[in-house]
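S.K.: Handing you a structure now.
The values are calculated or read from the model by the stated rules, or taken from the named source; none is laboratory data. In this text, all values refer to a predicted model and were calculated from it rather than measured experimentally. We place every Cβ from the backbone using ideal geometry, glycine too, and count neighbours over all the protein chains shown. Surface accessibility is based on the protein's heavy atoms, side chains included, excluding ligands, DNA and RNA. Shrake-Rupley method; radii C 1.70, N 1.55, O 1.52, S 1.80 Å.
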Amino acid sequence: MATVELWCDGACSGNGRESSAGGWAAVVIGGRLGQGADADVAAEMLAREIRGLAEPGPVSIDVGNDRPVRARAIWGHERPSTNNRMEITGLLEGLRALNRPARVLASVDSTYLMK
């Protein structure tokens, strides 16, 4: 079974209020970016490519090992919302974006979501 990395996050301005605006994002990465400093460089290259996207979609970077790293970035927003709802949505939408069964290494920054 293949392993993919899933980076996801969510945020909300005016958390829980009727006027609140929430957003979520997820990045599904085929395989691993590497280890140590190499992984940090690959992650920064990937982040730069994702920031350049005008709409959700695929990205690919060449990390010099004759095999490009492929990823898919997705994001969305919702009004009204809460921070926890957006954190959960980022993870769920990232899982829904998988094309086939895989072992998923999810990276989240929400204690609520982790527990």
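S.K.: Return the label of the correct value of Rg and Dmax of the Cα atoms in Å, as calculated from the structure shown, out of (1) 15.9, 42; (2) 16.7, 55; (3) 14.9, 50.
M.R.: (3)
S.K.: Let me ask something additional. Could you look at the chain and say what percent of its accessible area is carbon and sulfur, using a 1.4 Å probe and all protein chains?
M.R.: That fraction is 49 percent.
S.K.: Over region 1-113, with the other protein chains present, what is the accessible area per residue in square angstrom, probe 1.4 angstrom?
M.R.: Result: 62 Å² of accessible area for each residue.
S.K.: For residue 1 paired with residue 15, estimate the spin-label separation in nm (one decimal), with each label point 7 Å from Cα along the Cα-to-Cβ line.
M.R.: 3.3
S.K.: Can you tell me the length gained on complete extension of the stretch residue 41 to residue 106, counting 0.36 nm per residue apart and subtracting the Cα distance?
M.R.: Between residue 41 and residue 106, full extension yields 21.5 nm more.
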